[in-house]
Amino acid sequence: MKTCNSSRPDFLRYLLLFLFACFSVACRSNTPAAPASTATHPPTPPIITSPIPISNAEGTPIANQPGFIEWVLLSGVDEHGLTAEHTLALLEDADPQAASLVEIHTGSPVIVLEIRNVSPQGLQRFYHVQTLEGITGWISDYYVRRQAYVFDGEDTTVPLFDRPRGAEIARLENVTPVTLRQPQDLDWWQVSTLDGNLVGWVESRFVKESPEKEFLLGNDDHAHPCENCPYFLP
């Protein structure tokens, strides 16, 4: 007597399903990965890790200021927003009686090369700085501004760009404090917000030395930057 083996069709069905599943997995594993996004982002400047040397009155190194080499503004604007000194002297040495090498306009960016404590308690300091033109000299910390402000008298915000004359990437509210990152020339400066989360390029005419109304509105007859007169040789 013939008997029907009903388990054979089920076995073949499961075998075919198993082979199909294996084939599908193999195909997926050989599928090329999707190309990475080609969206462009504003370039982030490299962090310079060279610390700024701090020396004593004799010029002997005693410490380093950690972090990247920083740019600062030299300013003759006082705490009330009035321009007390339109030009500032870079000196031959870290001494208020030293000879003047050159005079530069208030609001000029410089890079810090060295910080020297000229009093035992470090209450008086001189900065060894270099201008965009490569001129080096010493100046009292009284004139050094580590923080600047963006301001446009004809708008409520100031645009930031991904590069000089490039694409706009953000806008900062008027009187937002910023730090200098990399001034390219007298026209375009790279700045960042104090937290470092936003970096961009801004026209230098919008970077101000003081947040005071008297200065921002020009009530003391001060113009910045000084057209065609960034440096004055003595």
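Laboratory data are not the source of any read-out in this text; all were calculated from the coordinates shown. The model shown is predicted, which means the values in this text are computed figures rather than measured ones. Heads up, the Cβs are rebuilt from the backbone with ideal geometry, glycines too, and the neighbour counts pull from every protein chain shown.
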Q | Inter-label distance, nm, simple model (7 Å from Cα along the C-beta direction), residue 60/residue 173 | A | 5.0
Q | Whole-number percent relative contact order across the stretch 52-146, with pairs defined as alpha carbons under 8 Å at least 6 apart | A | 30
Q. Each label point is 7 Å from the Cα along the Cα-to-Cβ direction; what then is the distance between the points at residue 82 and residue 141, in nm?
A. 2.6
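Shape call for the stretch 149-221 from the C-alpha gyration tensor, a ≥ b ≥ c root eigenvalues: rounded (a/c under 1.5), prolate (a/b greater than b/c) or oblate?
Note, shape of the stretch 149-221 comes out prolate.
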Q. What order, most packed first, do the peptides 204-212, 98-106 have when packing is the mean number of other Cβ atoms within 10 Å of each residue?
A. 204-212, 98-106
Q: Measure off 7 Å from each Cα along the Cα-to-Cβ vector at residue 50 and residue 133, then give the distance between these two points in nanometres to one decimal.
A: 2.3
Q: Restricting things to alpha carbons, find the Rg to Rh ratio for the stretch 52-146 using the Kirkwood radius for Rh.
A: 0.95
Q: Using Cα pairs closer than 8 Å and at least 6 residues apart in sequence, work out the relative contact order for the stretch 149-221, in percent.
A: 31
